[in-house]
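Only the coordinates and a few stated rules stand behind these numbers; no lab work does. Please read all numbers here as calculations on a predicted model, not as lab measurements. Positions of Cβ are generated from backbone atoms using ideal geometry, with glycine treated the same way; all protein chains shown enter the neighbour counts.
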Amino acid sequence: MSVIIVFLFVIAGFAGWWLSHQGLMSKPWLEQGLAGDFVALDRSALPTAKIGLGVFLAVVGCLFALFTSAYFMRMAVSDWQPLPLPRLLWLNTGVLVLSSIALQCATVAARRGQIDMVRLGLATAGLTALAFLIGQLMAWRQLTADGYFLTSNPANSFFYLITGMHGLHILGGLVGLGRTTAGAWNAARPERLRLSVELCAMYWHFLLFVWLAVFALLAGWAATFIDICRQLLT
Amino acid sequence: MVDITPADGIPPAEVAEVELYHPHSWWTRYVFSQDAKVIAIQYSATATGIGLVALVLSWLMRLQLGFPGTFDFITPEAYYQFITMHGMIMVIYLLTALFLGGFGNYLIPLMVGARDMVFPYVNMLSYWIYLLAVLVLVSSFFAPGGPTGAGWTLYPPQAIMSGTPGGQDWGIILMLSSLILFIIGFTMGGLNYVVTVLQGRTRGMTMMRLPLTVWGIFTATVMALLAFPALFVACVMMLLDRVLGTSFFMPAISEMGEQLQHNGGSPILFQHLFWFFGHPEVYIVALPAFGIVSDLISTHARKNIFGYRMMVWAIVGIGALSFVVWAHHMYVSGMHPYFGFFFATTTLIIAIPTAIKVYNWVLTLWRGDIHLTIPMLFALAFIVTFVNGGLTGLFLGNVVVDVPLSDTMFVVAHFHMVMGVAPILVVFGAIYHWYPKVTGRMLNEMLGRFHFWVTFLGAYLIFFPMHYLGLMGVPRRYAELTDMTVMTESAHHLNSFISIMAFIVGFAQMVFLFNLIWSIRHGREAGGNPWRATTLEWQTPQTPPAHGNFGKDLPIVYRWAYDYSVPGAKEDFIPQNMPGSFGPSREPA
Amino acid sequence: MAVALVLVLIVVGSVLFHLLSPWWWTPIASNWVYIDNTIIITFWITGVVFAAVVLFMAYCVFRFRHREGNRAAYEPENKRLESWLTIVTAVGVTALLVPGLFVWSRFVNVPSDATEVEVVGQQWQWSFRLPGKDGKLGTSDTRDVTTDNPLGVIASDPNGQDDVLVEAADLHLPVGKPVKMLLRSIDVLHDFYVPEFRAKMDMIPGSVTYFWFTPTKTGTFQVLCAELCGQGHPLMHGVVVVDTQQDYLAWFGQQQTFAQLSAPQQTGAADNAPGKTMAPAKTIAPGLKIAAKLETVGSR
């Protein structure tokens, strides 16, 4: 459970930083009225939707941290046999990176008001994300063809479970991306479009980060990395 | 002293981003409504409905325990199904949904001075997914093989094996699916509660001016958002084990002379995941209760809550600490024994902020002007039961004392006292307190007092003696207490007594329900602020609050939530949105 | 008035119930009297706190109840008082925790002279395995469980051959000798619990857990399962008999070893036939008995 504890420490860091700006040491019964200081203590300047997405991503991060924790706990048992990762996953990783880059471009374009570039970026991002999902399915097929079935051992089960869960999140993201893309073609409200594109980019970057972590975990690098850290500490 | 009034040129506090949703038809106004107040009532009604089912189940269990052998239809199989559904419904589908979905939805926007939640559409979806989760849960009663009988902890391997009711039938599948749905639905609602507190606060409403109710619900929601994923992970993995035959939690097993296909899984892994959710869950239920009871005591004792800052720190501290105590549910689970030292220490440390909260509640009473209204009575009863249940927690948290007591009736008595009776008493107190705001009418006083006395004394008489059954060594989750040396003749009598009290207490809840329905039409007119309270929900122009809560302009907040009996002020309360400076030694800001 | 009186009555009633009621723990029959002492300390500390808080509340309700013209005092906080209360609480909590942790370290550190006894739980009966002359238990594996080898002892392990198997019958232990109970399950979670011994621990399929104790009284004690293990859970009783050394040795001499029980299958000889037919009959009987009982309950 160490991974989730570390993750929660990060969250606690954010929470602590935020709380430290809320005047927890002040004596509210002495402070009447509405002075300048108070306005600064009010809401964050960020758009509400972004904060909402941020909180949601914390929950998603928590989910994957828990999967990772469970993975490590099971991995510690001596009979652990990881399955060989198909080469295809490297290609998929590249495709997902492209998808993120395309959305980043769309964000920049949206800020500059270049609607054509926004459309191009969104379409590219959507297609590459779809390609990633298809690639993941092909990787699954390759593995089952080689005899690595879901139920044959716990390492396999974890592989299918974690990659499947990540794929579902991408799929959910595609729904949001689809709506944003539709909005880009209508181009009714540029302010709103900019926000949606930014939200999509945020979600995409986060899922890319999750994928890289998952990839490192499944390839066994994460475990090696932790071993090295442990040796350095002791 | 400087008087600051709206005339100073402060613009009305409007949240530009939030576009208020407007219902167009009866359907969108009352059924598929995006108004947090309607959603709150939908949540509360659904939770109460399913809670009644759980109440009936508890009666059936008490029939079997109190009068063994008399009721043939309660087979061990049925008993375990009752006990599982009772526990799961009460903890998750009633208490969590009621405190966060019900009270959270109703009170957060009103108390922070917002027109609605920040994402009303998602908020509506949250309720409908919750309803779907409840329906899936209920459907398991009608599925072949009936609901699961694995106990509310759903420990594998037995939860998905044929020796457990519903283990190889539909019961466990429906239970896990329902939990997954609940978590998805809750996450949608939870995002709303958190972000509304962060971003929806009106002008002048700093975090340190929030009523403790909002602090409690806010912290509990943050915890729930981080804890429920653990249950989600556990449920998904167990569902795969059951449906697709994976072995996450299933080691090699020889069941009744037959080797199962599973191999290599870890049952302890499930317990870690479950309690990583399960312990914060206790505080997810308790923290809103802490917050609400603080406000009840302060309002009805006409005195500011004693040590507001300490109360806030304690809520945040308890919330954070509750994530590092989960394994105290696993002292005798066979995990590494050295974990016991760590988790016993963290568990007993959490007693300190909790004790501070109790001190501050009783110190708020000191030199107060205590109105013994029904909400106040329930608040006092909460302190008694919570202190009792909290102190027995010191037995169970102290690892070695837990060894003889774990899995006995002592545990049952402890958690019912501390997270069953105590929070439910707060729920009742809160309903008597806010019902006038929701409906515009008071609940009937006489029925209320009857309900209070029977519930409080009855519940205490049920659960206080039950501890002693556990001390004798009577295990929990026994469908039959026969042929046991620890069950003496007198212990059987005690069990019968407990069962009779359980029926009486359950009956009193019917009186309460009658009161709830009867008073909608026939209750005394309440007016806008019957308790003369300071917080914003009592300052709305209409009662019940209309759509948009606060009329044309949002209120501006000039003071904290607890300006009761301020020296120098004419009334013994100053609403949060009243400008001006009062008090002998207070610096104007 | 009435409220204050009821609060006082709750305190008085609870204390009297604690002192006078007949419901108290069973007389202890093991060395874990330390655990009982820790519980007593906890009762004292928590009892005082409970009485103090509720009586203080009762006084407040009586003294500061609303009367016409009353006005509450104004006191947002009192740092000194709060710090003091925090310190006193911390001291109280430490007083509970420290003895508890000391006893726990005793509980988890098994004395080196403890003899090992294996308990195997399965739906819904208890079996036991004791080391034979070599003083060592053989290894076991759930995948080796068959009707002829109900505990899954690995036949190729020489240490296991002289192990004494007690299948679904009473366990005997010598008084005054520390024992380390090795706990194993071949199907679901169980928990070996004898109220008089105070100690208990879950048994988990796929791993071996343990606890230790020293029986201090001779007599017959009932074993209960303390972890929900399916619908036969409440009927999963067993018996532990604590004997004098002499009686224990007499009982031990009558038990059969793994080699004796499995010999007939290997040789195919008919002369040991009673042993062969006895073993499976013995193991299945109590399980069937419970299954039959459940069925009759079900058909009622």
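Observations on the model:
- Cα gyration tensor, the range C:1-125 - rounded (a/c under 1.5), prolate or oblate: prolate
- Per principal axis, descending, Cα span of the range B:374-526 in whole Å: 58, 30, 19
- The equivalent ellipsoid of the range A:83-233 has semi-axes of 34, 18, 11 Å, largest first, where each one is the square root of 5 times an eigenvalue of the Cα gyration tensor.
- Debye equation applied to the C-alpha atoms of chain B, log10 I(q)/I(0) at 0.05, 0.07, 0.13 Å⁻¹: -0.22, -0.43, -1.44
- Restricting attention to the protein assembly as shown, close to 70% of DSSP beta bridges with both partner residues there are antiparallel.
- Percentage relative contact order, chain B, counting C-alpha pairs under 8 Å, at least six apart: 17
- Positive-end residue, the range B:266-371 charge dipole about Cα centroid, Cβ charges, pick of B:282, B:307, B:272: B:307
- Expressed in units of 2.2 N^0.38 Å, where N is the residue count, the Cα radius of gyration of chain C is 1.41.
- Structure-based [θ]222 nm, chain C - -39500 (n - 2.57) summed over DSSP H runs of at least 4, per residue, nearest 500: -15000 deg cm²/dmol
- Amide H within-cut-off set for residue C:166, under 5 Å, with H built and near neighbours excluded: C:128, C:129, C:130
- When chain B is described by a simple charge dipole with +1 on each Lys and Arg Cβ and -1 on each Asp and Glu Cβ, the residue from B:84, B:452, B:505 located farthest towards its positive end is B:452.
- All Cα-Cα separations within the range B:266-371 were binned at 10 Å from zero, giving a P(r) of 14, 38, 25, 15, 7, 1, each value a whole percent of the pairs.
- Flagged links, alpha-carbon separation over 20 Å, of B:37/B:437; B:303/C:79; A:27/B:552; C:133/C:217: A:27/B:552; C:133/C:217
- Farthest toward the positive end of the dipole of the range A:83-233, out of A:134, A:214, A:84, is the Cα of A:134, where the dipole comes from beta carbon charges about the Cα centre.
- The H on the amide N of residue C:210, modeled in the peptide plane, is under 5 Å from the matching H of C:183, each at least 5 residues off or on a different chain.
- Length-normalised contact order of the range B:374-526 in % [C-alpha pairs under 8 Å, at least 6 apart]: 33
- Using alpha-carbon coordinates, inclination of helix A:88-112 to the longest axis of chain A, degrees: 20
- Dipole magnitude for chain B: about 1280 debye, using +1 per Lys or Arg Cβ and -1 per Asp or Glu Cβ, origin at the Cα centre.
- Dipole magnitude for the range A:83-233: computed about the Cα centre from +1 point charges on Lys and Arg Cβ and -1 point charges on Asp and Glu Cβ, it is near 400 debye.
- Each residue of the range C:116-122 is assigned a 3J(HN,Hα), and the resulting list reads 8, 9, 9, 10, 10, x, 8 Hz, derived from the Karplus form 6.51 cos²θ - 1.76 cosθ + 1.60 (θ = phi - 60°), x at Gly and Pro.
- Loop-located chymotrypsin sites (Phe, Trp or Tyr not before Pro) in the range C:1-61 (DSSP state not H, G, I, E or B) with no more than 12 neighbouring Cβ atoms inside 10 Å: C:24.
- Residue-wise HN-Hα coupling along the range C:150-165, computed from phi with Karplus coefficients 6.51, -1.76, 1.60 (Hz; x: Gly, Pro): x, 9, x, 5, 6, 5, 7, 7, x, 4, x, 4, 8, 5, 8, 9
- Shielding score for A:161-169, defined as the mean number of other chain Cβ atoms within 10 Å: 1
- The range C:234-251 and the range B:45-116 have their alpha-carbon centroids 43 Å apart.
- Relative contact order %, chain C, counting alpha carbon pairs below 8 Å whose residues are six or more apart: 18
- Tensor-based shape of the range B:30-210 (alpha-carbon gyration tensor, a/c under 1.5 rounded, otherwise prolate or oblate): prolate
- Residues in the range C:237-254 carry Karplus couplings, in order, of 9, x, 9, 10, 10, 9, 10, 5, 3, 5, 4, 4, 5, 4, 5, 4, x, 7 Hz; the curve used is 6.51 cos²θ - 1.76 cosθ + 1.60 with θ = phi - 60°, and Gly or Pro positions show x.
- Applying a length cut-off of 30 Å (Cα extent along the axis) and a mean Kyte-Doolittle floor of -1.0 to the DSSP H helices of chain B leaves B:36-66, B:171-199, B:212-243, B:267-300, B:374-397, B:445-472, B:489-522.
- Residues with amide H under 5 Å from that of residue C:201, placed H, sequence gap 5 or more: C:192
- Only Lys, Arg (+1) and Asp, Glu (-1) charged, at Cβ; the range B:374-526 dipole about Cα centre in debye: 700
- Normalised per residue, the volume of the convex hull around the Cα set of the range B:510-553 (Å³): 101
- Packing-based ranking of C:3-16, B:445-458 yields B:445-458, C:3-16, ordered from highest to lowest mean Cβ neighbour count within 10 Å.
- Shape of the protein assembly as shown, Cα gyration tensor, a/c cut at 1.5: oblate
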